[in-house]
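The structure appears right after this line, and notes come after that.
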Amino acid sequence: MNHLQQEIRRRRTFAIISHPDAGKTTLTEKLLVLGGAIRTAGAVKSRKAEKFATSDWMELEKKRGISVTSSVMQFEYAGYKINILDTPGHQDFSEDTYRTLMAVDSVVMIIDAAKGVEPQTIKLFKVCRDRGIPIFTFINKLDRQGKEPLELFEEIEDVLGIETYPINYPIGMGQSFRGVYDRVEHKIEWYNDKRERQVQQLGEVEELGDILKKTVDDYTLRQLEENLLLLDEAGSTFDFESVESGKQTPVFFGSAISSFGIPTFLEHYLKMAPDPQPRQSSGGLVSPDDDGFSGFIFKIQANMNPSHRDRIAFLRICSGRFEKGMTVYLDRTGKQLKLAQPQQFFADSRELIDEAYPGDIVGLYDTGFYQIGDTVCDSRDTFNFGALPQFAPEHFAKVRAKNAMKQKHFLKGVSQLAQEGAIQVYKTPFEETILGVVGTLQFDVFVYRMQAEYGVDLDIEHMPHQVAKWIAKREDAEALRRNSNNLVVTDYKDRPVIIFENDFSLRWFQQKHPDVELRDSSHNM
Ligand code: GDP
């Protein structure tokens, strides 16, 4: 194995998907502490404490500036190099959140034991499922009373349509939570107040009852034994290929706040999760250990300093070795450029770097050179990894320049900000501009930036619509447009999109037009 292959093999690049408050920040923090990347818990949290109540730009900037560094976090554990990509989930939920999932090799899904599968988790899960990447489940907050484990498995299977395979199983819950039993390695990990890791290896499985008799009541023990038996006999069998293709999810239990179950989770995860895999490109399959360097831009973030127009483009490395100062070619334009000031991100800082490997994320200084989905290669003979899909927004507004004389600036600003990818821009048949966003905060950001960066004051008219779908066939769009009850618009690539007020009107439409194929994202369109 050469040096490049060794570096690839030890890389794990993932994102955490969850509904707000399930414990993503807490888990991230504990992982970083474990990896020695931050010394005390609280470093990640503090940025969340800066949640802003208003859309005040300075606050926004502060928040965005900080989240530049925390949008990718790298640390080492047991010889592995781990990249965690942040998926903004509160007010800052946006298309970036979805797109980040295109740049990872696996995901960790956190579920609150009391709440089960929640809406935002479902949305993010679907994106991962479409990519067929491995999904690892961490059921959190076992220190509180939650739903029964079997009920949670059933819910995950029914709602998300993925098979579950519990690697460990909780012993009690809430007040009577004692720890977890590792079904694969036959170990008990004891839960204690001291937050020390106490693991007891069992000889035979039968020993479990003898040991637990001393610590849990008869009822809990009987339930546990019955459930474990049920899982062994009627539950799914572990199948590595199914995990790899995202059809089965290994499930872990723990309590992030008390750091319980996290090292165990991480160790299993590192063994099971894939290192960077080959990716399909316009020039065929690109293997990470190809000598030629390649990567793609999945996110562009504006500079926190409004007097500088520059931005940071986030590049996911797909093949070869990245070196500071290397010359690359942009597939979209064929232009050549030198990657002079590459940055890499750590828990609470960003640093200039000299080299990086497939799976890593590099921040590139951008003066408007890149677009989301761009591929760069170190050879003149470029290829691309395909455009990143767009995801259906849930909030819509009509916008126009207050001053009609500013129309040129308006169009320029709209198209440039749309390229950054936080908003989608649609045209109605009457040449009106409609913005679509995944999180409403993006409207405020848009209005502010149009004013600050393009000198255009906007009139913004919020629309009651909530659902957008791409229309798979253009012929269908033509036919639908003829009926003025349908709001059929086009996205920036001129693909037809239909916008509905709510799910009810969507279902009504689908009943009336069963043959019209609608899509959640522009994947492969
Ligand atoms: P995020 O919104 O998903 O990032 O969630 P946070 O990590 O901020 O957690 C949301 C709330 O749940 C916070 O008040 C945490 O302290 C709390 N929390 C996180 N993990 C646990 C846990 O294991 N047990 C309990 N009881 N609370 C937790």
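The values are calculated or read from the model by the stated rules, or taken from the named source; none is laboratory data. Keep in mind the model is a prediction, meaning the values are calculated, not measured. Cβ atoms come from the backbone with ideal geometry, glycine included; neighbour counts cover every protein chain shown.
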Which numbered condition Phe265 misses (of (1) within 16 Å of the ligand (Cβ to nearest atom); (2) modelled with pLDDT under 95): (2)
Those residues of segment 208-242 which are more than 18 Å from Gly172 (Cβ to Cβ) and surrounded by 12 or more Cβ atoms within 10 Å (Cβ to Cβ), in sequence order: Gly235, Ser236, Phe238, Asp239, Ser242
All positions within segment 118-146 that are surrounded by 18 or more Cβ atoms within 10 Å (Cβ to Cβ) and either assigned to a strand (DSSP E or B) or more than 14 Å from the ligand (Cβ to nearest atom) (or both): Lys123, Phe125, Val127, Cys128, Ile133, Pro134, Ile135, Phe136, Thr137, Phe138, Ile139, Asn140
Count of residues meeting criterion [modelled with pLDDT of 90 or more and assigned to a loop (DSSP other than H, G, I, E, B)] in segment 21-43: 3
Pair list, Cβ < 6 Å and 6+ apart or interchain, from segment 254-283 residues that are in a helix (DSSP H, G or I) to residues that are among the polar types (S, T, N, Q) and within 16 Å of the ligand (Cβ to nearest atom): Ala256/Thr26; Ala256/Asn140; Ile257/Thr26
Selection from segment 442-489 of residues that are farther than 28 Å from Ser505 by Cα, surrounded by fewer than 19 Cβ atoms within 10 Å (Cβ to Cβ) and at pLDDT 95 or above: Asp457
Test set (1) at pLDDT 95 or above; (2) crowded, with 22+ Cβ neighbours inside 10 Å - Phe314 fails condition number: (1)
Test: Ala114 is within 15 Å of the ligand (Cβ to nearest atom), in contact with a Lys or Arg (Cβ under 7 Å, 6 or more places away or on another chain) and not aromatic (Phe, Trp, Tyr): yes
Selected residue (criterion: nearest to the ligand (Cβ to nearest atom)) from residues of segment 229-246 that are more than 16 Å from Pro166 (Cβ to Cβ) and either touching a residue at least 60 places away in the same chain (Cβ under 8 Å) or among the aliphatic types (A, V, I, L, M) (or both): Gly246
Test: residue in segment 407-415 that is surrounded by 16 or more Cβ atoms within 10 Å (Cβ to Cβ) and over 22 Å from Val438 (Cβ atoms): yes
Members of segment 210-259 found to be at pLDDT 95 or above and β-branched (Val, Ile, Thr), listed by number: Val243, Thr249, Val251
In segment 95-109, residue farthest from the ligand (Cβ to nearest atom) [restricted to those that are within 30 Å of Phe177 (Cβ to Cβ) and surrounded by 23 or more Cβ atoms within 10 Å (Cβ to Cβ)]: Val107
Residues of segment 284-297 classified as crowded, with 16+ Cβ neighbours inside 10 Å and assigned to a strand (DSSP E or B), total: 5
Of all residues in segment 320-338 being touching an Asp or Glu at 6+ places or on another chain (Cβ under 8 Å) and not in a loop (DSSP other than H, G, I, E, B), the one that is farthest from Phe385 (Cα to Cα): Glu323
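Out of all the residues in segment 392-419, which are in contact with a Lys or Arg (Cβ under 7 Å, 6 or more places away or on another chain) and part of a helix (DSSP H, G or I)?
If the condition is that a residue be in contact with a Lys or Arg (Cβ under 7 Å, 6 or more places away or on another chain) and part of a helix (DSSP H, G or I), then Leu417 is the only one that fits.
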